[in-house]
Amino acid sequence: MYRDYWDKLLFHYKLIHSKSFKNVYSDIPYFMKPKIYEEFIETAKHINNIALRVQNGINSEFSDFKKYIPKFNYMEEIISLTREPIPVFWSRFDGFIRAENKDKRIFYSELNYDKPCAERECMVAEETLKHNNVNNGFYNKIIGNFYDIKDKYYGSKNINVAFLVDPAHYEEAHLALLFQEQLYRDDIKIIITGAENIYVDNDETFCFDNKIDIILRLYPTEYLYEIKDIRKLLTLFNDNKILILNDPRVIISQCKNLYSYLWKLVDNKDTRLNEKEREVIIKTLPYTEELTNFNIEKAIKYKNDFVIKPIYGRYSEDVFIGSLHSEIEWEQSIEYIKNEMHIKPFILQEFCNQKRELSYYYDGNFRRATKGYGNYGVFLSNDEVIGMCVRWNPDYLTVDDYTWFTPIGVKEEVFKEKDTDLYIEDIEIKIVIDGEFTGIYSHDKPYIKTSLAILEEEKFDELKYAFEKLLKIFKKTRNHLLDNINLYEDILSINGLGQLMKKELSSELSFIGRMDWILDIHDNWKVLEINGETPAGICEAVYVEEIILKECDIDEGFERINKDLKRKIISQGKRLVESYDVDNPTIAFVALTYYEDWVNTNALYRIFKETSDYSCIYGNIEDLVIEGEKVYLYGTEVDIIFRYYPLDWFTKEDNANLKNLINLVNDKVFFLNPINTIIMQSKSFFSIIYALIERDFYTVEELGFIKKYIPFTTFDFNELKSNEFLIKPLLGREGKKITLSHDLEKIPDEDIIFQERVFQKGNEDGEFIVIGTYFTGDEFAGVYTRIGGEVTSKDCTFITLMKGIKD
C-alpha cells in the first residue's frame, strides 16, 4: 500500500511534510532501564493524583491555589464550574533523566493537561518495536478510552464530535486529521474545526451547522475566549448539555505555578499532602517559585542554577535556561523578562541537569550515532499511564525544528559498569613496574579504566557458545581455502604466500587469535572480524587486569573470565612447539618497536619465561640476522619465532634479512603463530563464507550460526540491501581505513570488502563496547574489552570484563 515507511508516516500517521520531514523519525530504538521506567510510571501516577486533587478541590480544600492562577479571559467562570469532574482523556508529562544524581533519578519539567501532543509518536513506536515495547496496547487504550467516555455519557446514540484545533498550528491540525480517521465509528462523526466555527444557538452547540455533542480539543484553555459564545458554551457544559474533553478546568493542573504551590505545601509541611506525596514532589518536581522582582535577583546572580519560563507558556517559547546563556545574553534575557513580567507571569525554576544519551539520528540518508537529551513524554489517559514517547534534542530545550523521535523500549542492561574504589593514580607504578605496561594514558586521557565491566552470565554463555560454534565453521572454511589456496590467494590478498602454507606442519587454527564482538541495539551478538595474527590486548588482559583485581574488592557474584588465559596460551604454545619436532628449541619473540607491538610481544615472552622451560629471547624483528640457513637474534640462534608482525609485510620488505627469512619458514625455522592464520586475518574471509553459502558448502545448522552472528559481508557493493555499511581494507589493522558509509564521498578504488552496518548498543557515556574473545587453537581462552567509537581505533579505553554469576 505504501512505497516505504515514510509514506506511511505521511499518509497514515499524518506527519507534517517539509523538506526535512525524514529527519523527524529514526527507527533505531532506545531502551530505558527497568528501574528508571518503573520510577516514571509510579511517580507519574502520584503526580497525576495530586494535580487532580488540587483541581477537583479548587473551590474547597485547595481554594488557596486560586491566587497562584494568573488571570485570563473567563478564568473565574471556568474554575467556578460545578459539574462533576470529567475523566481526563489525555495528558502528557514531560520527563527527563537526571545526570549523575543517584538520589533523584528523574524529574518532570512540566505537566501537559490542556493540549498534549505526541500521540503519533506513541503509535509509531508501538508499531515499529517488536519486543520490550513500553507502548504495547497504546492505540487500543487511547481509542478505547474515548469510546468508553462517549458510551458513558451518550450510550449508543449517534453523536457529532468537534475536534477543536488552531489551524495555524500544523502539529495539532495534523493530529486532528489522524484522530478523525482513527476514532471513526458508525455512531461517531468527527468534524475538525477552529474556534471561530463553533457557536451556541437555542441552548445547543453547533459547528458548521452540525449539532455538536462533544468538543475534543488540542486547544489551550486560556484561548477559549476565541469561541464567540464561550460564556454560553461553559454554561451548557456545566448543565451537562455538552461534553468538553479535556474539561476546561484542567488549566488548573496545566498551570506551571502548580509547582510553586506544591513546593509551598511541602516547605510548610502542609498536612493536605501525605508523606508519600511530599516525597514524590521533592524527588521529581524541580523547586519552583513564581518569579518576582525580588527573587529575580537570585536568577541574575546564579544564572546556571535556574530556568525561567512563562506560567502559560507552550512550545518552549520564552523559556530561558541560564546555563545555555553567556553573561551578556543572560543580561539581555533578564531585561526582556522584566519588561514582559507585567504582561505575562513567569516562574523561577531550579535547573536540573539532564542526562545525555546515545541515540541514532536519521539525516534523510543515514542513521548517525548522536548524543542527545531525551524528553520522555509519559502519556496518561483516564488516570492510567498508557505509553511513553521519547523526543531527542541536541540541547536541553525541545524545539520542533530539530527534535527527532525513536521507538522506546525497556530492557535490563546485559553489560554494566561497576565502580570500584580504585583510582588509576593508586596503581600507576604497579602497572608500569609489575605489569611492564606504560601506556596508561592515551592522548592525555586515561587508557585504563579502574571500573569493572560486568556481563550477565546468560549473555556470556551465549557468546562463548556462539564463539566455539563459529570456530568450527572457520576451521572448516580455512581447510577448504588451504586445499584450494591457488584459487583463493588473490582473493585473500596474500599473493606469494600460498606455497608457504602448503609446507605448514601444524594443522592448528592459531597460536593465539581474537574475534571482535559487539552487541547490537537489541543485545544480539555480532562478530565483526578476526585477528588471527597479531591480536592486541594480551598485556592488558593478563598483567594489567591482575593488578586491578588484586587492588579492588571483588564481590562473590563475579567471576574472572581471564583466569585461565595465561595457562591456555602456554598450553597452545607447547602444542605448536611439539608439532615442529625441534629438540630444546630457542624461541624468539620479535616485533617492531611500535609501542603496542612491543608490549604485547613482551607479554607473551614473559608468559613463556614464567611458565615454561624453553629458552626464550625477546627483541626487535629488524635485528634478526640470516646467516646461511640459520637465524640469529643478538648472536643467539633461534629455532622458532613468534612474530608480532603481519605476514604480508614480509613480501613488501626492504630489509633483506626479513625477505630471506620467509624462505626459511617451515623448513629451517618455524613461526609460533602459523602462516595460515593470515587466511582468517584477511577481511575477505567473511565475504568468502557468504559466497560459499551459495554453493551449499555449509550444513543447515552452520548456516543458521553464520547468518545469526556474522553481518552480511561481500565484495560487491550491489549485493548490499541498504546504504548503511562499512568498508574495510582486506588486510587493514587497528581500525585504519575502516569507514562508515555516511563518511564516504565515493567508493575507493582499492581492495576492500563491504560489511552490513550493525547498529550498536552504547554505554552510559554514549560509547561503544567491543569484546575481543581470544582463541588458542580451537578453544576459548579469554577476553580483551575496549570502549570507544563506533569504529574502534587506538583512541579507546581498556576495561576489565567479569562474568556476573546468578545466585
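Contact order, relative form, for region 288-351: 52 percent (alpha carbon pairs under 8 Å, 6 or more residues apart, mean separation divided by residue count). Taking θ as phi - 60° and the Karplus parameters 6.51, -1.76 and 1.60, the scalar couplings of region 380-394 work out to 10, 8, 6, 6, 10, 6, 10, x, 7, 10, 10, 10, 9, 9, x Hz in sequence order, x denoting glycine and proline. In this structure the amide hydrogen of GLY732, modeled in the peptide plane, comes within under 5 Å of the amide hydrogens of LYS683, none closer than 5 places in sequence on its chain. Computed from label points 7 Å out along Cα-Cβ, the spacing between GLU653 and THR271 is 9.1 nm.
Normalised by the number of residues in region 660-807, the average gap of Cα pairs under 8 Å and 6 or more apart makes the relative contact order 16 percent. Apply the a/c threshold of 1.5 to the C-alpha gyration tensor of region 683-807 and tell me whether it is rounded, prolate or oblate. Because a/c hits 1.5 or more and a/b fails to exceed b/c, region 683-807 counts as oblate.
Scalar couplings 3J(HN,Hα) for region 189-194, obtained by applying the Karplus form with A = 6.51, B = -1.76, C = 1.60 to θ = phi - 60°, are 10, 9, 10, 7, 8, x Hz; x denotes Gly and Pro. Against the set (i) 29.1, 105; (ii) 27.0, 82; (iii) 33.5, 115, the structure's computed Rg and Dmax of the Cα atoms in Å falls on (iii). Computed over region 288-351, the Cα gyration tensor eigenvalues convert (square root of 5λ each) into semi-axes of 16, 12, 12 Å, ordered from largest to smallest. Helix content alone sets the calculated 222 nm mean residue ellipticity of the chain: runs of n ≥ 4 DSSP H residues at -39500 (n - 2.57) each, divided across all residues, give -9500 deg cm²/dmol.
When the Cα convex hull of region 204-324 is projected onto planes of every orientation, the mean area is 10.8 nm².
In this Cβ point-charge picture (+1 for Lys and Arg, -1 for Asp and Glu), region 276-433 has a dipole of about 360 debye about its Cα centre. Projecting the Cα atoms of GLY322, ILE311, ILE334 onto the charge dipole of region 288-351, computed from C-beta unit charges around the Cα centre, puts ILE311 farthest toward the positive end. As a proxy for reagent exposure, SER63, SER684 were ordered by neighbouring Cβ count within 10 angstrom, fewest first; the result is SER63, SER684. With 32 Å as the limit on Cα-Cα distance, the pairs of LYS130/LYS737; LYS411/LYS449; LYS115/LYS211; LYS115/LYS355 that go past it are LYS130/LYS737.
With neighbour counts taken as other beta-carbon atoms within 10 Å, the residues PHE712, PHE589 rank, fewest first, as PHE712, PHE589. Cross-link reach is defined here as a Cα-Cα straight distance under 16 Å, omitting same-chain residues fewer than 8 places apart; for LYS269 the lysines meeting it are LYS283. Taking the Cα centre of region 107-262 as reference, the dipole from Cβ charges on Lys and Arg (+1) and Asp and Glu (-1) amounts to some 320 debye. Close amide H pairs (under 5 Å, H built 1.01 Å from N) link ILE191 with VAL161, ALA162, PHE163, residues at least 5 positions away or on another chain. When both region 180-242 and region 330-402 are represented by their alpha-carbon centers, they are found 32 Å apart. For the chain, the relative contact order comes to 14 percent (Cα pairs under 8 Å, sequence separation of at least 6). Projecting the Cα atoms of MET32, PHE21, ILE58 onto the dipole axis of region 1-133, where Lys and Arg carry +1 and Asp and Glu carry -1 at the beta carbon, places PHE21 farthest toward the positive end. Amide H contacts of ASN673 (H built 1.01 Å from N, in plane; Pro and chain starts excluded): ARG643 sit under 5 Å, all sequence-distant by 5 or more or on other chains. Take every DSSP beta bridge whose two residues both sit in the chain; close to 75 percent of them are antiparallel.
Among TRP392, TRP263, the order by Cβ neighbours within 10 angstrom, fewest to most, reads TRP263, TRP392. Placing +1 on the Cβ of every Lys and Arg and -1 on the Cβ of every Asp and Glu, with nothing else charged, gives the chain a dipole about its Cα centre of roughly 1380 debye. Helix 424-433 and the long axis of the chain differ in direction by around 10°, with both axes built from C-alpha atoms. Using θ = phi - 60° in the Karplus curve 6.51 cos²θ - 1.76 cosθ + 1.60, the 3J(HN,Hα) couplings for region 341-347 round to 4, 7, 9, 9, x, 10, 10 Hz; x is entered for Gly and Pro.
We did not get these values from a lab; they are worked out from the coordinates using the rules stated. All values derive from a computational prediction rather than experimental measurement. Backbone-built Cβ (ideal geometry, glycine too); neighbour counts: all protein chains shown.
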